[in-house]
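> One structure, pasted below without further comment.
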Amino acid sequence: MAALRCFLRSGKPAMEVTVRDALNQAMDEELERDDRVFLLGEEVAQYDGAYKVSRGLWKKYGDKRIIDTPITEMGFAGIAVGSAMAGLRPICEFMTFNFSMQAIDQVINSAAKTYYMSAGLQSVPIVFRGPNGASAGVAAQHSQCFAAWYGHCPGLKVVSPWNSEDARGLLKSAIRDDNPVVFLENELMYGVPFELSEEAQSKDFTVPIGKAKIERQGNHITLVSHSRMVGHCLDAAAVLAKEGIECEVINLRTIRPMDIETIEASVIKTNHLVTVEGGWPQFGVGAEICARIMEGPAFNYLDAPAVRVTGVDIPMPYAKILEDHSVPQIKDIMFSVKKTLNV
Amino acid sequence: MRKMLTIISTVLRGNAGKNGARAVVAARTYADFTQQATFDIKKCDVHKLEEGPPLTSTLTREDGLKYYRTMQTMRRMELKADQLYKQKIIRGFCHLYDGQEACAVGIEAGINLTDHLITAYRAHGYTLTRGGTVREIMAELTGRRGGIAKGKGGSMHMYAKNFYGGNGIVGAQVPLGAGVALACKYQEKNELCVCLYGDGAANQGQIFETYNMASLWKLPCIFICENNKYGMGTSVERAAASTDYYKRGDFIPGLRVDGMDVLCVKEATKFAADFCRSGKGPILMELQTYRYHGHSMSDPGVSYRTREEIQEVRSKSDPISMLKDRMLNNNMASVEELKEIDIEVRKEIEDAAQFATTDPEPPLEDLCNHIFYNEPPMDVRGTNPWSKLKSMS
């Protein structure tokens with residue numbers, strides 16, 4: 001009934017869109033909007049994408065704009081960067097970011113640093129995108145989170161969407177951005193549907209890079225997360241609410257440049273901080289957040305040490321029981337919240 | 001006019017010059033020079049090609065003087081850089097190009113400025129041929145604000161229009177160059193990309209990945225291997241199972257070219273450019289050349305090769321001498337005229353060096369600029385939490 005009312009009023013009701021479709025639509029619209037945008041990567045064209053994210057695009061845009069590459073990451077990432085230097089706007093897909101390690105020199109040394117080294121003569125408008133972090137049962141070599149590695153480097157923007165609105169809006173922003181953007185998706189999120197508002201469905205809807213979003217308001221403790229873990233935080237918050245603990249859940253959306261101001265404002269309000277990420281603890285996203293909180297105005301408002309919930313510090317095992325215990329579960333988040341609040 | 005007066009006065013002084021006893025009785029005017037001559041050039045070895053570049057090259061007097069001037073400028077600029085480095089006014093890495101001038105000048109003669117070019121770190125010569133000035137290049141080496149990259153790039157990171165550097169990571173420039181070629185094809189402007197690498201880089205995996213994609217997608221890319229016989233301190237025989245670099249592209253046609261002869265390089269480049277522009281895909285050229293300096297300024301260059309070898313190349317194959325002899329022996333220029341060019345070049349280099357040593361270093365305010373393009377100003381963390389530096393686009 002509500003949907004019908006919406007429809008009659010505006011002609012474009014809020015609809016349920018999976019993250020995969022949100023990414024697909026974002027790319028479709030940007031390909032249409034700007035002739036210089038093109039997509040390259042393994043299986044992106046005729047296979048419709050290894051994870052079907054680029055479904056239908058090759059049929060619509062053809063060989064010139066949707067390019068299947070051989071399995072040669074270093075080579076095709078370099079080619080993508082070179083094409084960006086010469087006036088095109090490539091989207092370079094890594095089948096997973098684990099494979100980007102083979103090409104990481106091109107991402108960092110050829111893409112990220114060039115605008116600086118050339119003192120502004122040579123810009124590199126490129127997007128590197130693909131699934132990042134743990135999946136299900138793919139074991140150690142296919143499960144690494146690269147948010148911290150890429151987030152370390154000046155000259156890059158690093159984005160990590162959680163839901164469909166994030167995916168759609170941030171990908172459009174990334175493609176329109178004149179700088180190298182590393183776009184970290186999550187395979188387990190591809191099939192998850194979320195409601196997209198009418199506004200979010202518009203062709204010019206973008207989500208600004210560098211701004212975090214408060215997904216849930218709360219007064220007792222701040223939870224900061226990115227990507228899939230945002231959902232876990234919201235689930236934990238729902239359970240904790242029944243016990244009278246109100247969590248404020250912040251979706252980082254962008255790893256670099258990080259919106260520390262939003263986190264600080266929240267911590268000043270709640271006096272407690274727990275960061276949650278899927279990646280390893282050492283030198284990770286949470287470590288950076290804690291360091292910055294210490295160095296900024298929010299430190300004096302902390303009633304307890306800021307704490308990180310992270311993946312276990314091991315290569316990802318295969319067996320389901322082991323894998324399940326290698327990444328933060330909702331109970332781990334709840335446990336850390338209660339410890340921090342001393343309840 | 002000044003040149004003519006010099007010539008006239010020389011003649012009147014009865015100095016017949018080195019041109020052999022020419023019967024020069026009257027003042028030699030411009031019209032007395034041969035305007036154009038055709039020279040035999042070395043045949044190129046070919047790989048997967050029916051025919052190679054022509055066996056002769058026609059040179060106009062005007063072009064000859066232009067190539068001479070450019071090569072001499074390049075030579076003197078590199079030697080001046082050597083000097084400044086030893087005085088510690090240039091620091092860090094400095095990879096000099098002297099000996100290889102015919103490559104940069106010959107290549108540029110075979111393409112247009114609207115074409116694109118990318119190379120590795122031995123890049124000062126190409127920065128010049130692609131439109132950089134000696135002043136900007138030298139000031140970049142000395143790290144001053146008047147440098148071509150405002151002092152922020154240094155020797156290995158110089159850029160100009162349609163020139164993508166200057167790249168420090170061995171081999172990384174090759175996929176980049178193919179990417180530029182992809183953009184050329186995509187944008188349908190009939191432009192191509194010249195993509196250079198050395199004999200050391202030629203063994204890099206990413207280059208073979210690039211050969212594959214460039215060939216599959218018929219990218220308008222001229223791959224050029226500048227084989228100067230040594231990858232840093234390792235001779236080609238010790239680094240490569242196959243030193244036939246022009247064949248290493250396998251399914252890509254190749255040419256092996258005398259890289260010390262500017263005319264040979266020019267004809268080969270024109271041949272390669274025609275091939276590319278006709279839509280046949282990439283082509284590979286190996287330029288056999290030689291560097292007089294070591295790999296970089298921290299390498300004396302004599303621990304892995306003999307001084308005799310270096311001297312032999314200098315006396316028998318120097319690219320500038322070769323062009324000079326050709327022009328003089330064919331009455332395309334006079335000794336005085338070339339000397340005049342030498343003097344002008346020396347002055348240009350001196351002026352540039354003067355600028356490069358007196359121009360101030362970049363202002364500290366520039367430290368954090370140029371992180372992102374087309375972005376509002378942002379804060380950058382300094383060395384400590386209280387240090388918030390400003391970054392402009």
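The values are calculated or read from the model by the stated rules, or taken from the named source; none is laboratory data. Since the model is a prediction, treat every value here as computed from it, not as a measurement. Cβ atoms come from the backbone with ideal geometry, glycine included; neighbour counts cover every protein chain shown.
> Taking the stated definitions as given, is B:V105 out of contact with any Pro (no Cβ under 6 Å at 6 or more places or on another chain), buried (at least 24 other Cβ atoms within 10 Å of the Cβ) and under 30 Å from B:T58 (Cβ atoms)?
yes
> Restricting segment A:191-237 to residues that are of a type in the set (S, T, Y) and in contact with a strand residue (DSSP E or B) (Cβ under 7 Å, 6 or more places away or on another chain), which is farthest from A:H142 (Cα to Cα)?
Checked segment A:191-237; the qualifying residue farthest from A:H142 (Cα to Cα) is A:T222.
> Another question, then. For segment A:241-343, which strands (runs of 3 or more DSSP E) that fit wholly inside it have 3 or more residues that are closer than 23 Å to A:A140 by Cα?
Answer list for segment A:241-343: none.
> Then there is this: Any chance you could count how many residues in segment A:128-158 are away from chain B (no Cβ under 14 Å), of a type in the set (A, V, I, L, M) and not in a helix (DSSP H, G or I)?
Qualifying residue count for the region: 4.
> Those residues that are in a loop (DSSP other than H, G, I, E, B), in contact (Cβ under 8 Å) with a residue 40 or more places away in the chain and of a type outside the set (G, A, S), I need them from segment A:102-124; list them, please.
A:K113, A:V124
> List the helices (runs of 4 or more DSSP H) inside segment B:119-220, counting only whole elements, that have at least 2 residues being crowded, with 24+ Cβ neighbours inside 10 Å and within 8 Å of chain A (Cβ to nearest Cβ).
Passing ranges, in order: B:173-187, B:205-216.
> Take the conditions out of contact with any Pro (no Cβ under 7 Å at 6 or more places or on another chain), modelled with pLDDT of 95 or more and farther than 19 Å from A:G218 by Cβ and apply them to A:F283. Does it pass?
Yes: the conditions hold for A:F283.
> Of everything in segment B:238-274, what is of a type in the set (D, E, K, R), out of contact with any Lys or Arg (no Cβ under 9 Å at 6 or more places or on another chain) and more than 21 Å from B:G177 (Cα to Cα)? Give them in sequence order.
B:R238, B:E267
> If I filter segment A:277-298 down to residues being in contact with an Asp or Glu (Cβ under 9 Å, 6 or more places away or on another chain), free of Cβ contacts under 8 Å to residues at least 60 places away in the same chain and over 17 Å from A:P257 (Cα atoms), which single residue comes out as nearest to the other protein chains (Cβ to nearest Cβ)?
A:P297
> Here is a follow-up. Looking at segment A:102-125 only, could you name the residues that are more than 10 Å from every other protein chain (Cβ to nearest Cβ) and either under 21 Å from B:N162 (Cβ atoms) or surrounded by 24 or more Cβ atoms within 10 Å (Cβ to Cβ) (or both)?
A:V107
> State which residue is farthest from A:N109 (Cα to Cα) when the search covers only segment B:343-393 and only residues that are away from chain A (no Cβ under 14 Å) and crowded, with 16+ Cβ neighbours inside 10 Å.
Result: B:V345.
> Kindly evaluate B:P253 against the criterion of being under 24 Å from A:I71 (Cα atoms) and more than 14 Å from every other protein chain (Cβ to nearest Cβ).
For B:P253, the condition - under 24 Å from A:I71 (Cα atoms) and more than 14 Å from every other protein chain (Cβ to nearest Cβ) - is met.
> Further question: Is there a residue in segment A:67-77 that is more than 29 Å from A:V327 (Cβ to Cβ) and of a type in the set (F, W, Y)?
Within segment A:67-77, one or more residues are more than 29 Å from A:V327 (Cβ to Cβ) and of a type in the set (F, W, Y).
> While we're on this one: Name the single residue, out of those in segment A:55-96 being in contact with a Pro (Cβ under 7 Å, 6 or more places away or on another chain) and more than 7 Å from chain B (Cβ to nearest Cβ), that is farthest from B:D115 (Cα to Cα).
Within segment A:55-96, the match that is farthest from B:D115 (Cα to Cα) is A:T96.
> Right, B:P319: crowded, with 18+ Cβ neighbours inside 10 Å and under 21 Å from the mean Cα position of the chain (by Cα) or not?
Yes, satisfied.
> Looking at the structure I just gave you, is B:G254 touching a strand residue (DSSP E or B) at 6+ places or on another chain (Cβ under 7 Å) and not hydroxyl-bearing (S, T, Y)?
It is true that B:G254 is touching a strand residue (DSSP E or B) at 6+ places or on another chain (Cβ under 7 Å) and not hydroxyl-bearing (S, T, Y).
> Mind checking which residues of segment B:369-383 are part of a loop (DSSP other than H, G, I, E, B) and out of contact with any helix residue (DSSP H, G or I) (no Cβ under 9 Å at 6 or more places or on another chain)?
Hits for segment B:369-383 are B:N374, B:E375, B:P376, B:P377, B:G382, B:T383.
> Hey, any hits in segment B:355-362 for a residue that's within 22 Å of B:L263 (Cβ to Cβ) and either in contact (Cβ under 8 Å) with a residue 24 or more places away in the chain or not in a helix (DSSP H, G or I) (or both)?
The answer is no; no qualifying residue exists.
> Now a separate question. Just for helices (runs of 4 or more DSSP H) wholly inside segment A:10-101: which have at least 3 residues that are surrounded by fewer than 23 Cβ atoms within 10 Å (Cβ to Cβ)?
It comes to A:19-33, A:57-61.
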